[in-house]
1. Within the stretch 24-43, work out how many residues are part of a helix (DSSP H, G or I) and under 17 Å from Asn139 (Cβ atoms).
2. Kindly check whether there is at least one residue in the stretch 128-150 that is open to solvent by 80 Å² or more (accessible area, probe 1.4 Å) and touching a Pro at 6+ places or on another chain (Cβ under 8 Å).
3. Within the stretch 94-129, take every residue that is over 13 Å from the mean Cα position of the chain (by Cα) and basic (Lys, Arg) and give me the one that is farthest from Ala45 (Cα to Cα).
4. Given the options Tyr17, Tyr42, Tyr100, Tyr111, name the one that is aromatic (Phe, Trp, Tyr) and at pLDDT below 95.
5. With the structure loaded, tell me whether Ile174 is modelled with pLDDT of 95 or more, within 19 Å of Tyr40 (Cα to Cα) and in a strand (DSSP E or B) or whether it fails that test.
6. Among the candidates Lys36, Lys74, which residue alone is of a type in the set (D, E, K, R) and closer than 29 Å to Ala129 by Cα?
7. Which members of the stretch 156-181 meet the condition of being more than 15 Å from Asn128 (Cα to Cα), touching a residue at least 40 places away in the same chain (Cβ under 8 Å) and either among the basic types (Lys, Arg) or open to solvent by 20 Å² or more (accessible area, probe 1.4 Å) (or both)?
8. Using beta carbons and a limit of 7 Å, which pairs, at least six apart or on different chains, have the first residue in the stretch 49-63 and without any contact (Cβ under 8 Å) to a residue 40 or more places away in the chain and of a type outside the set (S, T, N, Q) and the second one open to solvent by 60 Å² or more (accessible area, probe 1.4 Å) and not in a helix (DSSP H, G or I)?
Amino acid sequence: MAYNCKECIILETERLYMRELNNNDYKSLCKMLMDKYVMYAYEHAFSEDEARQWLERQIERYKNGFGLWAVILKNSEQLIGQCGITIQDCCGKEVLEIGYIFNRSFWHKGYAIEAAKSCRDYAFDTLNADEVFSIIRDNNFPSMNVAIKNHMLIRGSFVKHYYNMDMPHFIFSIKKSEYGRLKK
């Protein structure tokens, strides 16, 4: 059974709304995190235990006032992905990052960019961020396209060591001054 609470909406777009994840979302979350195609940038599909830890980590992040939120398709009330803002280490500096993961059935429909733009606006307008990032694996072209459509530029690159391997990543970001020009 899905848990959807209209009063719990954090962000809303034309087709989507976002709310905090909760334990009732575990099965829907597993459909994404245990799918090797969805998780290719992580180099493995998650186990049930890793999926549970992921959910618990997201719930813990909400103590900061934000995190990866459940993305709900308005017309079906179905959880179709996650998108939100997290604090990430980027070359030794803590940054606000917009991240997103979507169920494969909902790829190529514009949902990721719709949700990511909403998170970008939230970061600048509500959190008063000076700069917002998306840190993306070098082989994750669809996520790079979302960052580009979100008016982010490549600012650099670095290598993350994860799952016993080195994974090159690009650093995309948009600065508050650049965001201000978008709104004019």
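The values are calculated or read from the model by the stated rules, or taken from the named source; none is laboratory data. Please read all numbers here as calculations on a predicted model, not as lab measurements. Glycine gets a Cβ as well: all are built from the backbone with ideal geometry, and neighbour counts include every protein chain shown. Just so you know, the surface numbers come from the protein's heavy atoms only, side chains and all, with ligands and any DNA or RNA stripped out. Shrake-Rupley method; radii C 1.70, N 1.55, O 1.52, S 1.80 Å.
1. Of all residues in the stretch 24-43, those part of a helix (DSSP H, G or I) come to 24-33, 40-42.
Now narrow it down to the ones that are under 17 Å from Asn139 (Cβ atoms): 40-42.
Of the residues in the stretch 24-43, 3 are part of a helix (DSSP H, G or I) and under 17 Å from Asn139 (Cβ atoms).
2. No: the stretch 128-150 contains no residue that is open to solvent by 80 Å² or more (accessible area, probe 1.4 Å) and touching a Pro at 6+ places or on another chain (Cβ under 8 Å).
3. Only one residue tops the list, namely Lys109.
4. Numbers: Tyr17 fails: at pLDDT below 95; Tyr100 fails: at pLDDT below 95; Tyr111 fails: at pLDDT below 95.
The match here is Tyr42.
5. Numbers: modelled with pLDDT of 95 or more: yes; within 19 Å of Tyr40 (Cα to Cα): no; in a strand (DSSP E or B): yes.
In short, no.
6. Working: Lys36 fails: closer than 29 Å to Ala129 by Cα.
Residue meeting the stated conditions: Lys74.
7. Scanning the stretch 156-181 gives Gly156, Phe158, Tyr162, Tyr163, Met165.
8. Going by the 7 Å Cβ cut-off, the qualifying pairs are Ala51/Met34.
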